[in-house]
Amino acid sequence: MRSRTLSRSQHLPSSGAAQESPAGPTGEGGAHAGPRVDHFRLENGMDVVVIPDHRAPVVTHMVWYRNGSADDPRGKSGIAHFLEHLMFKGTHQHKQGEFSHLVAELGGQENAFTSYDFTAYFQRVAREHLKTMMEFEADRMTGLNLTDEVVTPERDVVMEERRMRTEADPAAQLDEALNAALYTHHAYGVPIIGWSHEIETLDREDALAYYRRFYTPENAILVVAGDIEAPEVELLTRETYGKIPARGEAPQRHRPREPEPRAERIVRLADPKVEQPQFERIYLVPSTYTAAKGESEALDVLAHHLGGGQTSLLFRRLVLESGKAVAAGAYYYSDAVDDSRFYVFATPAEGVSLEELERGVDEVLAELRRDGVSAEDVVRASTRLVADAVYAQDSQVALARWFGAALASGGNVRDVLGWAGRIEAVGVEDVAKAMQYLNKRRAVSGFLLKEQAA
């Protein structure tokens with residue numbers, strides 16, 4: 001499918017704080033040189049970020065909009081993702097499929113994805129075709145042409161996507177149920193793709209209303225990474241995106257705040273299709289943009305020490321030492337506009353019940369609270385996080401995604417460039433303090449079981 005919605009296995013690289021693969025680019029305040037970045041704004045309000053990378057004569061061209069599934073109107077869940085599909089259905093100037101056909105003909109790549117807080121479209125092409133990409137993308141920012149003959153069949157495509165990705169997958173169903181239980185009031189508890197009974201009611205007018213509200217230059221960010229410099233990008237953007245008239249103030253996000261959690265919640269899902277039982281727990285924690293100073297970075301380091309790979313505490317205790325699990329880990333999804341999630345998960349070894357596995361996880365967490373982390377542990381986790389970020393800079397697309405996600409979520413270029421320095425500043429006491437959020441009263445625990453035949 002062209003669309004890519006975020007799930008546990010599809011988190012974006014970090015834009016200044018960690019997501020599933022907790023790494024961000026290095027820069028100001030860090031020990032390593034980060035990418036050279038230019039940032040300017042067009043007269044119509046569109047932000048432009050340029051990341052020169054002259055290793056190959058190609059460019060990555062990404063347009064981000066500051067809206068995602070959490071901005072869907074109540075009762076219209078899935079409309080952000082649905083509109084992402086419809087954006088490939090042609091404009092008044094270009095017929096359906098013409099843009100995609102051209103990108104393929106030029107030997108390029110394209111895709112799009114919807115998250116809770118943003119939607120993005122990108123192409124990777126030879127540098128001489130950058131202006132063409134801008135012209136097409138600017139056109140569909142203003143000229144989307146939708147008819148019922150296009151909208152209705154595509155809605156059926158989205159329904160089938162949901163059936164394949166969620167309704168046929170017990171693990172995805174569990175994740176959906178866990179998020180719905182964790183967020184009792186906030187839209188992060190609604191799946192990005194939407195609820196089935198609401199998707200099936202979406203129509204052309206819903207799509208156009210959403211398009212008119214969010215697809216404006218004031219609400220957009222252009223990121224260009226590749227074999228080009230800022231002056232040339234500025235000239236090209238003024239000839240393409242710059243011609244789009246401003247529509248006024250950018251749309252404001254109006255979201256309810258999730259109330260402070262008071263009780264542990266447990267979700268059990270049993271299904272005959274389950275081949276491997278799973279244990280998963282999600283804690284409600286601050287995000288990069290809601291945390292107090294240093295908290296988000298401390299949660300990054302905590303997640304890496306606790307569950308970041310085969311040297312992590314969870315893996316050592318549950319897999320290598322006790323043999324209760326065949327896999328175990330943790331990660332922190334920090335790039336969220338509002339309060340976010342910290343995940344702990346484990347897969348039981350043969351003959352180990354999920355209840356026994358949960359006790360093992362809780363014993364590791366109790367050990368961490370009791371003994372804390374050493375200065376060596378913190379340095380090791382911080383060094384690995386920053387090193388991963390340095391290695392990831394080899395990817396032009398990853399760089400573009402870091403900066404795009406940051407600006408679309410409420411951050412700025414300086415936030416991204418300063419991430420490594422903030423990670424390196426995390427101390428033992430900061431990590432110990434972050435443990436306060438790993439409290440069962442703030443969490444939902446999930447058990448995925450194989451349903452036995454009657």
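Is it the case that some residue within the stretch 329-342 is open to solvent by 50 Å² or more (accessible area, probe 1.4 Å) and among the aliphatic types (A, V, I, L, M)?
no
Please verify whether the stretch 395-417 includes one or more residues that are without any contact (Cβ under 8 Å) to a residue 40 or more places away in the chain, assigned to a helix (DSSP H, G or I) and open to solvent by 10 Å² or more (accessible area, probe 1.4 Å).
Looking through the stretch 395-417, none of the residues is without any contact (Cβ under 8 Å) to a residue 40 or more places away in the chain, assigned to a helix (DSSP H, G or I) and open to solvent by 10 Å² or more (accessible area, probe 1.4 Å).
Condition first: in contact (Cβ under 8 Å) with a residue 60 or more places away in the chain and within 14 Å of Ala366 (Cα to Cα). Now tell me which residues in the stretch 435-450 satisfy that.
Hits for the stretch 435-450 are Met435, Tyr437, Leu438, Asn439, Lys440.
How many residues, within the stretch 124-167, are in a loop (DSSP other than H, G, I, E, B) and touching a residue at least 60 places away in the same chain (Cβ under 8 Å)?
1
Among the residues of the stretch 380-388, is any in contact with an Asp or Glu (Cβ under 9 Å, 6 or more places away or on another chain) and open to solvent by 50 Å² or more (accessible area, probe 1.4 Å)?
Yes, the stretch 380-388 contains a residue that is in contact with an Asp or Glu (Cβ under 9 Å, 6 or more places away or on another chain) and open to solvent by 50 Å² or more (accessible area, probe 1.4 Å).
Looking at the stretch 325-342, which of the residues that are over 16 Å from Pro261 (Cα atoms) and in contact (Cβ under 8 Å) with a residue 40 or more places away in the chain is farthest from the chain's Cα centre (by Cα)?
So the residue we want is Tyr331.
I'd like the full set of residues that are within 27 Å of Glu424 (Cβ to Cβ), out of contact with any helix residue (DSSP H, G or I) (no Cβ under 6 Å at 6 or more places or on another chain) and part of a loop (DSSP other than H, G, I, E, B), limited to the stretch 339-388.
Asp339, Ser374
Which residues, counting only those in the stretch 100-149, are open to solvent by 60 Å² or more (accessible area, probe 1.4 Å) and small (Gly, Ala, Ser)?
Result: Ala104, Gly107.
Taking Arg36 as meeting all but one of (1) at pLDDT 95 or above; (2) under 14 Å from Phe403 (Cα atoms); (3) part of a loop (DSSP other than H, G, I, E, B), write down the number of the exception.
(1)
The values are calculated or read from the model by the stated rules, or taken from the named source; none is laboratory data. Small disclaimer: the values here were computed from a predicted structure and weren't measured. As a convention, Cβ positions derive from the backbone with ideal geometry for all residues, glycine included, and neighbour counts pool all protein chains shown. When the accessible area is computed, the model is the full protein with side chains, heavy atoms only, and any ligands, DNA or RNA have been set aside. Shrake-Rupley method; radii C 1.70, N 1.55, O 1.52, S 1.80 Å.
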